[in-house]
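Shown next, in structure tokens, is the structure this report addresses.
The values are calculated or read from the model by the stated rules, or taken from the named source; none is laboratory data. All values reported here derive from a predicted model rather than from experimental measurement. Please note: Cβ atoms are built from the backbone with ideal geometry, for glycine as well, and neighbour counts cover all protein chains shown.
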Amino acid sequence: SLFLEFIEDQEAPSWHGYFFAFTMFLLACLQTLFEQRYMYVCLVLGLRLKTAVTGLVYRKILVMSNASRKVTNVGEIVNLVSVDVQKLMDLIIYFNGTWLAPIRIIICFVFLWQLLGPSALSSIVVFLFLLPLNFMITKKRSQFQEAQMKHKDERAKLTNAILGDIKVIKVYGWEKAFMEKVLGIRKQELQALKRSQILFSASLASFHSSTFLIAFVMFAVYTLVDNTHVLDAQKAFVSLTLINILNTAHSFLPFSINAVVQAKVSLNRLAAFLNLEELNPETSSGNTSDCGKLLITIRNGTFCWGKESSPCLKSIDLTVPQGSLVAVVGQVGAGKSSLLSALLGELEKTDGCVTMKGTTAYVPQQAWIQNASVEDNILFGKEMDETQFNRVIDACALQLDFENFPAGQKSEIGEKGLNLSGGQKQRVSLARAVYQNASVYLLDDPLSAVDAHVGQHIFERVLGPRGLLKDKTRVLVTNAINILPQVDNIVFLVDGTISEIGSYQELLQRNGGFAEFLHSHIPAEEKTECVYFTAIGDTKGTITSRSGQSQERLFSDNSAKSSAMGKETIPLSQDCTAAAATRGRLTKGEKTQHGRVNVSIYAAYLKATGSPLCVYIVLLFTCQQAVSFFRGYWLSVWTDDPVHNGTQEHTELRVGVFGALGVVQALLRFASIAAVLLGGILASHKLFLQLLGNVSRSPLVFFEQTPIGNLLNRFSREMDAVDSIIPDKMKSLLGFLFNLLEIYLVILVATPMAAIAIVPLTVLYAVFQHFYVITSCQLRRLEAASRSPIYSHISETFQGRSVIRAYKVQERFVLKSNFLVDENQRISFPGAVADRWLAANLEFLGNGVVLVAALFAAMGRTHLSPGTAGFSISYALQITGVLNWMVRSWTEIENNIVSVERVREYSRTPKEAPWTLNGKLQDEVWLTEGRIEFRNYSLRYRPHLELALKQINITINGQEKIGITGRTGAGKSTLAAGLLRLVEAAEGAILIDGLDIAQLGLHDLRTKITVIPQDPVLFSGSLRMNLDPLNQYSDADIWTALELTQLKDFVADLPDQLEYQCTDQGENLSTGQKQLVCLARALLRKAKILILDEATAAVDVETDLQIQSTLRTQFKDCTVLTIAHRINTIMDCNRILVLENGQIAEFDTVEHLIAQKGLFYRLMEESGLA
């Protein structure tokens, strides 16, 4: 204001001008320093908050009860830690805006009053009119945002399930169905986002035009109310500057309010999660002393899975004396696993008391394996004790597996134990328990997944009367009848109550339910494993004496799976263990790119937006800025209107045109912002399609090598950036860029000399920006890569909570989580500091520009009209802000475009063969008999590995029943993988009905072959969806299938029957029931070829018999390949294929094989069948 007076007043001495110019500069610099320090403090606070919240969420996972387990899942928790925590961090920065803005607004009003008198009141009216409008928009937006978050959670949940069980989806050829499901949710999510973005554009446009509105109303009122009011340069441009300050304050408000609203939504979500029901720590107390020798007692215990559900165990009375071995038996779903959960305190206790003394070790039914080395999995946080370790390894029959692993015990295991066979996982899980040397052992059917002879070995060396655990208290859930004579006590469960307890002999004499249970099994087992432990008295001899074979021979677990871990050769000069460790690496860490983002990424993003739209957007922004320039210019002409007798002429015309220009600009502004944001939605839709397509088209090997955390990160965090952050920043960048051009134009028109200073300043800007972007881009990438392990760790903990709790190692896992979070923070901190460095430097530069504009105006005041000078300086004052924000949004775009880069990363990974081949669908003709022919077929899991199957030549006739057997890792499951083309052939071919399967589309092939996998997999969703995801069958068909699998009554009793919701992984069904659901799924598909991968390992023998008979009748005209671990399951096959080390050892009928006394005969001997 003083400066403009000085320019008008030709008499004032020149030094006044320079003095004012420098004072303006100094004040601006002080403001910069204070502001940056404030931002820095806020950021540090934000980082602390992030650590705290992540820690809270993580600790919560460890104490969640089973009821709460049903309502959440990994996807949601990852969202809490990634998205919601970010919203809370934003709040810290914006929160002070809520009370600072009003103070600023009041100060501006006071100044305006001084300048324009009562007319300033009119601005208050406009202001009050705009505020509620914005509040309404914000409120509406928050509703859409909640909807969008809900869909996002659903999508995360489904994606997580799909990625976790991708193998099953691939085997069944269901990728399309699940992709459509994900895209359906995604469509709703983008719909909500679209609405919210349009409202956002409206609120921003109303916002940007508010400066103009207030100025327009004030000037109109001021000049039209009284003719003597003259609008001169000082009044007009000082008011404009004040209104601009007012506007930044006013514009900070909605951001702050928005941040508060979003943070509140996030806080509610966090609170809801943290308030979920927790396990009652008293459920299993371990300190009552009056029980003497009794380590475990349950008195009149009634337990249920959650507060609302009906009890799953009723009035249980059980005492287990110290050092005894108790077996728990019963039908599928009788509550055997629940009993162990009750002892561990995992169930809600509604009545009675439970005591368990001493330390516990627990082996769950489905082994939980960490993504770490085999050794770490077994040590589980204990110190390494070589002798003890080797004893355990030997007893658990892992010695040979270790020799076959590429790096021995240092080999890394993939996520969820991806690269171990079922039996290996189970044994590692058992070894972990044994190594812990606890006083109580709870074992949930650890023998189900291993071969008979290995099971025998483990029982003798670990669990039995002479095993490593002989002095410990052991509770063993089992389906293996043959070991019952060896146990001290047997607990027989029926429908959640204990029907009988006693030793094997006692129960048989009692002739009650247990004896009946036994008799129903004995005929079945007569010819099988009953002889299993005949020689128990002198077992010492049995194992070695068999035809002089040493034990080594017996456990030649030459695992094809383990060779799949990768054996790169490594120069010997390296330290041996390091070499071993690198060889054993399986999963690839996050890759980080270097330097600035490649231009092609921007091109890809713009291409996804669509080029016509891009052109349209640039045009809109240009028009809008041109209109804005004319408006400012019009005002300067107006203020320079000569004054006649104390009034200005043409006032009405000036006001009218000024108003019209403003309205046009506001409309253009809305159009341009909306165009950018909607373009962003289009782009993110296309990119998501690409990502989903690329991931689902990847072969199985890709999923074994890529941790699920990396994939989840792409689908949640990176997609979030592409959805909302990039378009938002694009809009800001374009707005500020055009604004900057306009400012330069104005300063150059007013004081052409200023170009001399402005050009070098701009160059300096570019240099700073370039320097910063490279650093910050790299930091962002490192930060993103260090975030993935946090998610992986959360996902792993969530899967294995009960194991972690049983071993009481929560503390160690919390420390690990803290360590990972700290690593991540260590990388985010320099990024935050670099931001502040940039901001401070830029603001100082901007202040320099203002100084230059003012100095040149002072020098050239002789020929400058005050209007032009005001025009120039009021614009120059904005330059710091604009430049600052422009570089900010540019760097934000560079940082976030990394997300596009990472989302597109998988477009270059190898894909599997096409799903369907047009013209190759001779449906009617093909696959009528189901004849399979292997011609010189070999297969390897990955290019540099040894062959897992070597030159297989066999022909299997249609409708033949073939048993496939061999020791663990002989290549039984690999054969099935080859038949389904989960792994492509290395050489040779497989022909089905004379057609080379390599010529078929993968879905055409896989939908014709039904597989019942070793681990039963269910997805969260209705039971119906699990049985028939493609919606091909009627309800009647489904009920028939359920009836055949003995599930009809069970399902009919469920509250929603077929619509019954299965939780994530089907956790609300027992493992046996899940196996039956998978069987029903196979019955529905009625394919010509059926592959059974030891489908009955988790069910009791009676159910097993029912399943076998169902299979015999229902699939009598199909070709059936049974991969067996228990030889008795394949004794009635037409022919038997015996594999060894990936080659055919024998292939003939059972009678011939027995007569040959070859490998098959030896396997029979080991199972005690011969």
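Looking at the stretch 161-179, can you tell me whether even one residue there is assigned by TED's automatic domain parsing to the domain that holds LEU678, among the basic types (Lys, Arg) and in contact with a Gly (Cβ under 9 Å, 6 or more places away or on another chain)? Checked against the condition, which is being assigned by TED's automatic domain parsing to the domain that holds LEU678, among the basic types (Lys, Arg) and in contact with a Gly (Cβ under 9 Å, 6 or more places away or on another chain), the stretch 161-179 yields no hits at all. In summary, helices (runs of 4 or more DSSP H) completely within the stretch 389-458 and bearing 2 or more residues that are at pLDDT 80 or above and surrounded by 24 or more Cβ atoms within 10 Å (Cβ to Cβ) occur at 422-436, 452-458. Candidates in the stretch 360-374 are the residues that are at pLDDT 85 or above and either among the hydroxyl-bearing types (Ser, Thr, Tyr) or in contact with a His (Cβ under 8 Å, 6 or more places away or on another chain) (or both); of these, the one that is farthest from SER337 (Cα to Cα) is THR360.
Based on this model, can you work out whether LEU748 counts as free of Cβ contacts under 8 Å to residues at least 40 places away in the same chain, part of a helix (DSSP H, G or I) and not hydroxyl-bearing (Ser, Thr, Tyr)? When the stated conditions are applied, LEU748 passes them. Those helices (runs of 4 or more DSSP H) of the stretch 88-197 in which 3 or more residues are touching a residue at least 40 places away in the same chain (Cβ under 8 Å) and more than 24 Å from PHE715 (Cβ to Cβ) occupy 97-116, 120-164. Residues of the stretch 1049-1073 that are of a type in the set (S, T, N, Q) and not in a strand (DSSP E or B): GLN1057, THR1063, GLN1065, ASN1068, SER1070, THR1071, GLN1073.
Only one of (1) closer than 17 Å to THR1122 by Cα; (2) modelled with pLDDT of 85 or more fails for GLN959. Which number is that? Here GLN959 meets the rest and fails (2).
For the stretch 757-777, give me each residue that is buried (at least 19 other Cβ atoms within 10 Å of the Cβ), more than 13 Å from GLY831 (Cα to Cα) and aromatic (Phe, Trp, Tyr). Of everything in the stretch 757-777, just one residue is buried (at least 19 other Cβ atoms within 10 Å of the Cβ), more than 13 Å from GLY831 (Cα to Cα) and aromatic (Phe, Trp, Tyr), namely TYR765. Once the stretch 213-235 is narrowed to residues that are modelled with pLDDT under 70 and in contact with a Phe, Trp or Tyr (Cβ under 7 Å, 6 or more places away or on another chain), the residue that is nearest to VAL746 (Cα to Cα) is LEU231.
Residues checked against (1) under 15 Å from ASP376 (Cβ atoms); (2) in contact with a Leu (Cβ under 6 Å, 6 or more places away or on another chain); (3) in contact (Cβ under 8 Å) with a residue 24 or more places away in the chain:
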residue: TYR772; (1), (2), (3): no, yes, yes
residue: ARG780; (1), (2), (3): no, no, yes
residue: GLU783; (1), (2), (3): no, no, yes
residue: ARG787; (1), (2), (3): no, no, yes
residue: ALA806; (1), (2), (3): no, yes, yes
residue: VAL809; (1), (2), (3): yes, no, yes
residue: ARG812; (1), (2), (3): yes, no, yes
residue: LEU815; (1), (2), (3): yes, no, no
residue: LEU820; (1), (2), (3): no, no, yes
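For the stretch 52-86, a tally of residues being more than 19 Å from the chain's Cα centre (by Cα), polar (S, T, N, Q) and assigned to a helix (DSSP H, G or I) returns 2. Residues in the stretch 456-476 that are of a type outside the set (Lys, Arg) and more than 17 Å from ARG427 (Cβ to Cβ): PRO465, ASP471, THR473, VAL475. Of the helices (runs of 4 or more DSSP H) lying entirely inside the stretch 938-1048, those carrying at least 2 residues that are small (Gly, Ala, Ser) are 972-979, 1035-1044. Entry remark, the stretch 676-705: residues being crowded, with 21+ Cβ neighbours inside 10 Å and either closer than 22 Å to LEU620 by Cβ or not assigned by TED's automatic domain parsing to the domain that holds PHE212 (or both) number 6 in total. What about ILE743, is it hydrophobic (A, V, I, L, M, F, W, C), within 30 Å of SER872 (Cα to Cα) and assigned to a helix (DSSP H, G or I)? Yes. Listed by position, the strands (runs of 3 or more DSSP E) enclosed by the stretch 260-341 that each have at least 2 residues that are modelled with pLDDT under 85 are 294-304, 313-321. Within the stretch 134-153, one or more residues are touching a Gly at 6+ places or on another chain (Cβ under 8 Å), at pLDDT 80 or above and surrounded by 18 or more Cβ atoms within 10 Å (Cβ to Cβ). Close Cβ contacts (under 6 Å, 6 or more residues apart or on different chains) running from residues in the stretch 36-53 that are assigned by TED's automatic domain parsing to the domain that holds LEU88 and within 16 Å of ILE827 (Cβ to Cβ) to residues that are part of a helix (DSSP H, G or I) and among the small types (Gly, Ala, Ser) comprise LEU43/ALA832.
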